[in-house]
Amino acid sequence: MTRRVDVLVVGAGPAGLVAAARLAAAGARVEVLEREQRAGGVPRHCAHRGFGGPPHALTGPAHARRLTEAAVGAGAEVRTGVTALDWTGPLALATVGPRGAETLAARAVVLATGARERPRAARLVPGTRPDGVYTTGELQQAVHLYGQRIGTRAVVVGAEAVSHAAADTVRAAGAEVVALVTDLPRAPAPAARTLQARLRHRTPVLTGTSVTELLGRGLLSGVRVRHRDGRTATLPCDTVVFTGDFVPDHELARHGALSLDPGTRGPAVDGALRTSRPGVFAAGSVLHAAESAATAGREGAHAARAVRDWLAEGGTGRAHWPTGVPLLASPPLLRIAPNRVTPSDRLPYVLRTAIPLSRPSLYVTQDGRPLHRQRLPLATAVPHRPLTLTPRWTHRVDPAGGPVHVALA
Amino acid sequence: MTVTASGPLPAEPYDVVIVGAGVVGCAIARRLAHHPALRVALAESRDDVGQGTSKANTAILHTGFDAVPGSLESRLVREGARQLAAYADESGIPVERVGALLVAWDEEQLAALPRLAEKAGRNAYHDTRLIGPADLYAREPHLGPGALGALHVPGESIVCPWTTTLAYATQAVRAGVDLHLNTPVEHAGHHDGVHRLTTPRGPLYARRLVNAAGLHADRLDRSLGLDDFTVAPRRGQLVVHDKFARALVRHILLPVPTARGKGVLVAPTVYGNVLLGPTAEDLDDKDATESTAAGLRALRAQGRRILPALLDEEVTAVYAGLRAATEHDDYRIRAHPAQGCVTVGGIRSTGLTASLAIAEHVTGLLTRTGLDPGAEHPPEPVRMPNLGEAFPRPHQQPERVAADPEYGVLVCHCERVSRGEIRDALAGTVPPRSLEGLRRRTRARSGRCGGFHCGAAVRALFEEARGREEARR
Ligand SMILES: Cc1cc2nc3c(=O)[nH]c(=O)nc-3n(C[C@H](O)[C@H](O)[C@H](O)COP(=O)(O)OP(=O)(O)OC[C@H]3O[C@@H](n4cnc5c(N)ncnc54)[C@H](O)[C@@H]3O)c2cc1C
Ligand SMILES: Cc1cc2nc3c(=O)[nH]c(=O)nc-3n(C[C@H](O)[C@H](O)[C@H](O)COP(=O)(O)OP(=O)(O)OC[C@H]3O[C@@H](n4cnc5c(N)ncnc54)[C@H](O)[C@@H]3O)c2cc1C
């Protein structure tokens, strides 16, 4: 038996909750499916502050609570413990939860399934398979949600913002941070963050250094590292946290054969967050693993507007579903989202660079025709931090033309 | 039902003690459990069954088509494959008969295929068929370019090695075999017809001994004064790929062995992943189950040739197993009547397949050491939880979820493991004593996220159950 709703949102993180709140407030029948026992997504286990609107003073759990209350208050049905398993039709999903299996059909689906960090195996770090190996996500849940014990000395792999969050969690658990290790030549986190780690916590931030092997049988005894100049060392530790290196949780997108963007590996979307399948939208970290919760929320709100337009036009079969042209980021730019473009797009673009860039300018072209040039308000752009490109040039795009390229000027 | 992991051991001599609870030792225990008059114990140095080579292999249920014709291994693999297929069916162990293709990438390999078909015939396997490149690429459209042909071996299957070992152990323990974990046998002495086995938990006594200690079988034999073989570990590293890779391959893609080496295989798993490996490295260290940068590099280079798209998918695990190779080109299974002992040595790369036939063979040899097993009475059948993708999982069975909503509450999302399955595993006859043990019983935490989403929740369920267990004691 199939139950029908107006809009199905998959994932109750910031993106999905904001989308659901807006849509419910506008009168749509919205159901949010969340496979965890509690709504809120990743912020549920981010004990640190840095969430909510400026000055970003909320802790993750407080932010998660507010977003959930707002969605529920607006009339969205937020169902936790329910997993969207697979598609049973273009806009229908098979689900399972404690109340059993159910197929849900909708007039629009919003994928807001988030992202995860690559664990040790995916990074092909050789060595033994001891206990004490974490990602930030697992570590935060272990310490902040379950009060579990971790080891006493931890090496944090990565030195971006999320790596410092991991280091703080290690300290909150009463353990020592041996070092943060990054293979980048410069620490990618904001300078103040790196300085604070070095000076206040006396935690070394080792740049140009990669982890080459995990040691120890049963329990971790240390990690082997190699510096770019060839020196190697063993850092004794009983815990290692692999941070960052996010990948989108794109399982449903792939099962649905939605087009993926090769740069983000998430579903390809245009500026209205439309995927390749009419009626299916996507927002948040699944599009660009991972940006801030504020970005995810902003996209949730944006997707809600696009969904409303789609519903107002009558949905599948009647409404217009432009697919736009591909929007490609040229190296050393790593990725851009949205990654398709139509002339009416109004959502700012987020990009990442593979290498540090000084005084970067972006240059947008289509078929050799310049569309836009923009100096970014940064002395240096660094990897692992977002760059933003305005959408104020999209009206110049020829929807019948070739791909649009974003390159460094 | 007795499973111990600490404290002193029983002082009464057992009729038979089996040393080593790998797939072979567990199969032998299960076989001896057919004789209710026998008092049998299984002694294992680690905290779980199947923690040695039995957990870390390529999980293929072989036909034995490429064994050495006339060898003991050839016969036991052939018989064991048949027996395990039937046992798996009865016990709920997932098996998929996907068939294998030995893919020839050059003229030398192509020329070897007819010889392999002929050798298969001498191993009483007659279903092989040579296929040309068109047929090959029709069967395997994602195969890398340049393959010249293949030998199709339709009987080769994939199986769950973890459930197999656990099913044997569960059935044996339920039928009265005592399982003593954390019990490394450090020394064996034989006096007046009784073995005194030295362990850190105190002595264990046995009238008959079965040495199924895998990589360490030679050492145990030496303490009995036997010097029949030396184990030389041969490491095999393997890379497991995400479930998205499963659609890329339909058969087990085997390398064609030639004078210049053995190559690696690409094989689906019953869990819906794809394996790439193994390496073959001769080592001295019997604990060297770590992976190496060189090994992984070599595997990925070969994988890129065999199935290029495989390398675009995420890696979900890397592991290594050690084959118990010896100087002999066959299994080394011997009865030593004077020592009241049977040694099961050299079970190199086919022991999972052959396990049930090895068990039967060993039981026969035990009677030759003077053991009277008494009447035979088959133990109760077991029904194991299904870990395979080709069969319904609990959350996919509406009637099970309706009867017990815990099967609808997914905890490990990548592998879709429900809280009900984790609860059942923790309350099993042979319960897990580590998160790894829980993983082998449920698949929890073995998916693409490596625990990012579920690791802490799974650990909480595990620690809660352990806490309850300790409170009870
Ligand atoms: C360790 C860490 C620290 C961070 N710190 C900050 C910070 O200080 N400030 C900041 O702004 N941002 C921070 N972020 C980033 C922020 O958490 C993300 O931007 C934000 O959570 C993205 O929201 P989302 O809704 O896209 O995805 P998520 O928050 O990941 O939510 C996705 C939800 O979808 C659910 N889901 C997935 N698949 C299914 C399915 N098939 N069925 C049902 N449900 C499903 C998941 O369970 C999850 O709850 C941090 C991230 C991490 C990992
Ligand atoms: C890479 C690789 C791939 C393989 N692929 C396949 C395949 O596809 N199909 C197949 O059929 N076979 C395969 N095999 C072979 C198969 O895994 C082995 O033959 C089988 O697991 C051997 O089982 P075992 O019980 O003899 O050894 P083990 O599993 O090693 O068990 C021996 C046990 O004895 C214990 N032990 C040792 N010493 C002592 C002591 N002194 N006291 C107490 N306990 C002790 C150990 O802890 C261990 O648990 C493969 C092997 C490898 C390495």
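Of the residues making up region A:19-51, those that are touching a residue at least 12 places away in the same chain (Cβ under 8 Å) and more than 23 Å from residue A:138 (Cα to Cα) number 13.
Inspection of region A:119-132 finds no residue satisfying the criterion of being more than 8 Å from chain B (Cβ to nearest Cβ) and crowded, with 24+ Cβ neighbours inside 10 Å. Of the residues making up region B:272-311, those that are surrounded by 20 or more Cβ atoms within 10 Å (Cβ to Cβ), in a helix (DSSP H, G or I) and not β-branched (Val, Ile, Thr) are B:295, B:296, B:299, B:303, B:310.
Return a yes/no flag: does region B:434-448 have any residue that is surrounded by fewer than 18 Cβ atoms within 10 Å (Cβ to Cβ), polar (S, T, N, Q) and within 13 Å of chain A (Cβ to nearest Cβ). Yes, that holds for at least one residue. Among the numbered criteria (1) of a type outside the set (Asp, Glu); (2) more than 14 Å from ligand 2 (Cβ to nearest atom); (3) in contact with a strand residue (DSSP E or B) (Cβ under 7 Å, 6 or more places away or on another chain), which one does residue B:224 miss? Single failed check for residue B:224: (2). State which residue is nearest to the other protein chains (Cβ to nearest Cβ) when the search covers only region A:33-82 and only residues that are charged (D, E, K, R) and either within 12 Å of ligand 1 (Cβ to nearest atom) or at positive phi (or both). Here the answer is A:35.
Checking region A:148-167 against the condition returns a match, with at least one residue being touching a Lys or Arg at 6+ places or on another chain (Cβ under 8 Å), within 12 Å of chain B (Cβ to nearest Cβ) and either in a loop (DSSP other than H, G, I, E, B) or of a type outside the set (Phe, Trp, Tyr) (or both). For region A:18-29, a tally of residues being surrounded by 24 or more Cβ atoms within 10 Å (Cβ to Cβ) and out of contact with any Lys or Arg (no Cβ under 9 Å at 6 or more places or on another chain) returns 4. Picking from residues in region B:74-115 that are in contact (Cβ under 8 Å) with a residue 12 or more places away in the chain and among the basic types (Lys, Arg), the one that is nearest to residue B:134 (Cα to Cα) is B:97.
The set of residues from region A:72-128 being within 27 Å of residue A:247 (Cα to Cα) and polar (S, T, N, Q) comprises A:80, A:83, A:88, A:95, A:113, A:128. Looking at region B:402-430 only, could you name the residues that are part of a helix (DSSP H, G or I), hydrophobic (A, V, I, L, M, F, W, C) and over 11 Å from residue B:441 (Cα atoms)? Residues satisfying the conditions are B:402, B:403. Residues in region B:394-411: is at least one within 14 Å of another protein chain (Cβ to nearest Cβ), in contact with a Cys (Cβ under 6 Å, 6 or more places away or on another chain) and farther than 30 Å from residue B:15 by Cα? Taking every residue of region B:394-411 in turn, at least one turns out to be within 14 Å of another protein chain (Cβ to nearest Cβ), in contact with a Cys (Cβ under 6 Å, 6 or more places away or on another chain) and farther than 30 Å from residue B:15 by Cα. Annotation: residue B:379 fulfils all but one of (1) over 18 Å from residue B:25 (Cα atoms); (2) more than 12 Å from every other protein chain (Cβ to nearest Cβ); the unmet one is (1).
Against the definition (closer than 24 Å to residue B:262 by Cβ, away from every other protein chain (no Cβ under 14 Å), within 11 Å of ligand 2 (Cβ to nearest atom) and hydrophobic (A, V, I, L, M, F, W, C)), how does residue B:358 come out, yes or no? Against the criterion (closer than 24 Å to residue B:262 by Cβ, away from every other protein chain (no Cβ under 14 Å), within 11 Å of ligand 2 (Cβ to nearest atom) and hydrophobic (A, V, I, L, M, F, W, C)), residue B:358 qualifies.
Determine which member of the set B:367, B:429, B:442 is hydroxyl-bearing (Ser, Thr, Tyr) and closer than 30 Å to residue B:312 by Cα.
Working: B:367 fails: closer than 30 Å to residue B:312 by Cα; B:429 fails: closer than 30 Å to residue B:312 by Cα.
Exactly one of B:367, B:429, B:442 is hydroxyl-bearing (Ser, Thr, Tyr) and closer than 30 Å to residue B:312 by Cα, namely B:442.
Within region B:284-311, if we keep just the residues that are more than 14 Å from chain A (Cβ to nearest Cβ) and free of Cβ contacts under 8 Å to residues at least 60 places away in the same chain, the residue that is nearest to the chain's Cα centre (by Cα) turns out to be B:284. Set side by side, the residues A:134, A:146 differ, and just one is within 16 Å of ligand 1 (Cβ to nearest atom) and either touching a Pro at 6+ places or on another chain (Cβ under 7 Å) or closer than 30 Å to residue B:299 by Cα (or both), which is A:134. Checked against (1) outside any strand (DSSP E or B); (2) in contact with a Pro (Cβ under 7 Å, 6 or more places away or on another chain), residue B:143 passes all but a single condition, namely (2). When region B:216-235 is filtered for residues that are more than 14 Å from residue B:19 (Cβ to Cβ) and without any contact (Cβ under 8 Å) to a residue 24 or more places away in the chain, only B:227 remains.
Being on the phi < 0 side of the Ramachandran plot, touching a residue at least 12 places away in the same chain (Cβ under 8 Å), within 13 Å of ligand 2 (Cβ to nearest atom) and under 20 Å from the mean Cα position of the chain (by Cα) is the requirement here; does residue B:213 meet it? Yes; evaluated as a whole, the condition is true for this residue. A single member of B:30, B:82 is in a helix (DSSP H, G or I) and in contact with a Phe, Trp or Tyr (Cβ under 6 Å, 6 or more places away or on another chain), and it is B:30. Exactly one residue out of B:54, B:91, B:71, B:6 is away from ligand 1 (no atom under 16 Å from the Cβ), modelled with pLDDT of 95 or more, under 21 Å from residue B:434 (Cβ atoms) and surrounded by fewer than 20 Cβ atoms within 10 Å (Cβ to Cβ): that is B:6. Evaluating residue B:239 against the criteria (1) more than 24 Å from residue B:23 (Cβ to Cβ); (2) within 12 Å of another protein chain (Cβ to nearest Cβ); (3) touching a residue at least 60 places away in the same chain (Cβ under 8 Å) leaves one unmet condition, (1).
Where in region A:204-298 are there strands (runs of 3 or more DSSP E), lying fully within it, with 1 or more residues that are under 22 Å from residue A:139 (Cα atoms) and in contact with a Phe, Trp or Tyr (Cβ under 9 Å, 6 or more places away or on another chain)?
Fully inside region A:204-298 and qualifying: A:209-215, A:239-242.
I'd like the full set of residues that are more than 11 Å from ligand 2 (Cβ to nearest atom) and either without any contact (Cβ under 8 Å) to a residue 12 or more places away in the chain or over 21 Å from residue B:158 (Cβ atoms) (or both), limited to region B:42-73. Hits for region B:42-73 are B:68, B:69, B:70, B:71, B:72.
Take the residues in region B:312-352 that are of a type in the set (D, E, K, R) and part of a strand (DSSP E or B), then tell me which one is farthest from the other protein chains (Cβ to nearest Cβ). My answer is B:334. Here A:180, A:199, A:195 are screened, and the one residue that is among the aliphatic types (A, V, I, L, M) and crowded, with 22+ Cβ neighbours inside 10 Å is A:180. Of all residues in region B:449-473, those that are within 11 Å of chain A (Cβ to nearest Cβ), of a type in the set (Gly, Ala, Ser) and farther than 21 Å from residue B:319 by Cα total 3.
The values are calculated or read from the model by the stated rules, or taken from the named source; none is laboratory data. In this text, all values refer to a predicted model and were calculated from it rather than measured experimentally. Cβ coordinates were reconstructed from backbone atoms using ideal geometry, including for glycine residues, and neighbour counts include every protein chain displayed.
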